[in-house]
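Following: one structure in C-alpha cells, then a few remarks.
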Amino acid sequence: MSSIDHDSIRNAAPLGFDQNREDIARGKIESIEYFSTTVGCKRKAMIYLPPGYSEDFSYNVLYLLHGIGGDEEEWYKHAGPQVILDNLYADRKLAPMIVVLPNGRAMANDRAVGDLFDSDKLKAFEDFESDLLQDLIPYIESNYSVQIGREKRALAGLSMGGGQSLNIGLANLDRFAWIGGFSSAPNTKEPELLVPNPEEASAKLSLLWLSCGVLDNLKHVSDRTHAYLERNNVPHIWYEESGDHDWPVWKNDLYHFSQLIFR
Ligand code: FER
C-alpha cells in the first residue's frame, strides 16, 4: 500500500449509503458503562454490535472517537453510524467488527459544556490514552466476544478524535495496526514526534489513513502529517475530499475507512 489514488475511495460514498433500508438485518447500538481507574469513576461509552452478533464468533473492534464539541453520543446523534454500517454489511462490504464509541474527554465531568478549549479539558483529551488502554479496552475484551491483538484493533476519529487516534495509535503500534485520522485537529503531534521511527511504523502498520475536506481551516494539520509521511516513505492513504469541517465529510470517511480495515 502507498499514498495512492485508490479508485474505491476517490469518489464520495454512493447515494443512500446513510439511509435506512427496509428488509436488511440490523445491528444494535446501545450505551455501556465501565469503571475507569484513570479518572476514578464510571464512564459512559456507546457500542455498536453488528447484525447477528453472536458469542459464538470473535469480532474485531474499531474504537471511533468524537470531536472537541462532542461526547460518546456525538457520532450516534450526527452520523447514524449504525445505518451506514448495517448497509455495508447488507452489501457484504465489511469485515465483522464491533464499533466502540468512547468519550475521549477523560475527566470526571466529561460533558461538552463550558469553554471546550479550557486547559483541563484539553488535558483530558490527552489523559484518554490511559483510559483507553488501561480501562476501556480491557473492559470490552472481557465483556464482549472479541479477538485480541493489534491486527484486531482499529483506532480512528474525527478532528480532536483524529488527533487522538494518530497520537495514541502511532505511539502504541503494539496495540493498533489500523489507524485513521479524519480532519485531524491541532492536538495532532508534530510529525517528527508522531512518527519518530518511519521504518518501524511502515513495518507495523496495516493501514494509516489521513483524510480532510479541502475547505477545512484545519487542513494544514493533515497536510503537514501527509508531507512528512511522504518524505519518509511511510505508506498511507491520503484522501482529500470535497467539504468542510463537518458531518458529510466524517460520514464519508467512516464509509470508506471501515471497508478497508481488518482485511
Ligand atoms: C484547535 C482548533 C480546533 C484545537 C482543536 C480543535 C486543540 C478541534 C476541533 C474539533 O474537534 O472539531 O486549535 O486545538
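Pull up segment 174-193, narrow it to residues that are open to solvent by 10 Å² or more (accessible area, probe 1.4 Å) and part of a loop (DSSP other than H, G, I, E, B), then point me to the one that is farthest from the ligand (Cβ to nearest atom).
In this case the residue turns out to be ASP174.
Test of understanding: among ARG43, ARG21, which residue is farther than 21 Å from GLY180 by Cα, surrounded by 22 or more Cβ atoms within 10 Å (Cβ to Cβ), more than 16 Å from the ligand (Cβ to nearest atom) and at pLDDT 95 or above? First the steps, then the outcome.
On the way: ARG21 fails: surrounded by 22 or more Cβ atoms within 10 Å (Cβ to Cβ).
After ruling out the rest, the residue left standing is ARG43.
Starting from segment 180-201, keep only residues that are without any contact (Cβ under 8 Å) to a residue 24 or more places away in the chain, then list their pairs with residues that are of a type outside the set (Gly, Ala, Ser) and surrounded by fewer than 16 Cβ atoms within 10 Å (Cβ to Cβ) whose Cβ atoms are within a distance under 6 Å, requiring at least 6 positions of separation or different chains.
Correct list of pairs: empty, since none qualify.
So is GLN134 closer than 20 Å to PHE262 by Cα, open to solvent by 10 Å² or more (accessible area, probe 1.4 Å) and touching a residue at least 24 places away in the same chain (Cβ under 8 Å) or not? Walk me through how you get there before you give the answer.
On the way: closer than 20 Å to PHE262 by Cα: no; open to solvent by 10 Å² or more (accessible area, probe 1.4 Å): yes; touching a residue at least 24 places away in the same chain (Cβ under 8 Å): yes.
Criteria not met by GLN134.
Return a yes/no flag: does segment 5-17 have any residue that is over 30 Å from LEU205 (Cβ atoms), at pLDDT 95 or above and either surrounded by 10 or more Cβ atoms within 10 Å (Cβ to Cβ) or touching a Gly at 6+ places or on another chain (Cβ under 7 Å) (or both).
Within segment 5-17, none of the residues are over 30 Å from LEU205 (Cβ atoms), at pLDDT 95 or above and either surrounded by 10 or more Cβ atoms within 10 Å (Cβ to Cβ) or touching a Gly at 6+ places or on another chain (Cβ under 7 Å) (or both).
Out of the residues in segment 144-162 that are more than 16 Å from the ligand (Cβ to nearest atom) and assigned to a helix (DSSP H, G or I), state the one that is surrounded by the most Cβ atoms within 10 Å (Cβ to Cβ).
My answer is LYS152.
Evaluate the following for GLN82: is it open to solvent by 10 Å² or more (accessible area, probe 1.4 Å), closer than 20 Å to ARG21 by Cα, polar (S, T, N, Q) and touching a residue at least 40 places away in the same chain (Cβ under 8 Å)? Reasoning before the result, please.
Numbers: open to solvent by 10 Å² or more (accessible area, probe 1.4 Å): yes; closer than 20 Å to ARG21 by Cα: yes; polar (S, T, N, Q): yes; touching a residue at least 40 places away in the same chain (Cβ under 8 Å): yes.
Yes.
Return yes or no: is LEU116 part of a loop (DSSP other than H, G, I, E, B), open to solvent by 60 Å² or more (accessible area, probe 1.4 Å) and either under 27 Å from CYS41 (Cβ atoms) or more than 12 Å from the ligand (Cβ to nearest atom) (or both)?
In short, no.
Yes or no, residue by residue, for (1) under 15 Å from GLY181 (Cα atoms); (2) over 14 Å from the mean Cα position of the chain (by Cα); (3) not β-branched (Val, Ile, Thr):
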residue	(1), (2), (3)
LEU215	no, yes, yes
ARG224	yes, yes, yes
ALA227	yes, yes, yes
TYR239	yes, yes, yes
TRP250	yes, no, yes
TYR255	yes, no, yes
PHE262	no, no, yes
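Is there a residue in segment 221-234 that is more than 15 Å from the ligand (Cβ to nearest atom), at pLDDT 95 or above and aromatic (Phe, Trp, Tyr)?
For segment 221-234, residues more than 15 Å from the ligand (Cβ to nearest atom), at pLDDT 95 or above and aromatic (Phe, Trp, Tyr): present.
From the residues in segment 229-244 that are out of contact with any Leu (no Cβ under 8 Å at 6 or more places or on another chain) and farther than 18 Å from PHE257 by Cα, which one is surrounded by the most Cβ atoms within 10 Å (Cβ to Cβ)? First the steps, then the outcome.
Our first condition is that a residue be out of contact with any Leu (no Cβ under 8 Å at 6 or more places or on another chain); within segment 229-244, this holds for 230-233, 240-241.
Now narrow it down to the ones that are farther than 18 Å from PHE257 by Cα: 230-233.
Details: GLU230: 13, ARG231: 10, ASN232: 15, ASN233: 11.
Of everything passing the filter in segment 229-244, ASN232 is surrounded by the most Cβ atoms within 10 Å (Cβ to Cβ).
The values are calculated or read from the model by the stated rules, or taken from the named source; none is laboratory data. Because the structure is a prediction, the values reported are computed rather than measured. Every residue, glycine among them, receives a Cβ derived from its backbone with ideal geometry; neighbour counts consider all protein chains shown. Surface accessibility is based on the protein's heavy atoms, side chains included, excluding ligands, DNA and RNA. Shrake-Rupley method; radii C 1.70, N 1.55, O 1.52, S 1.80 Å.
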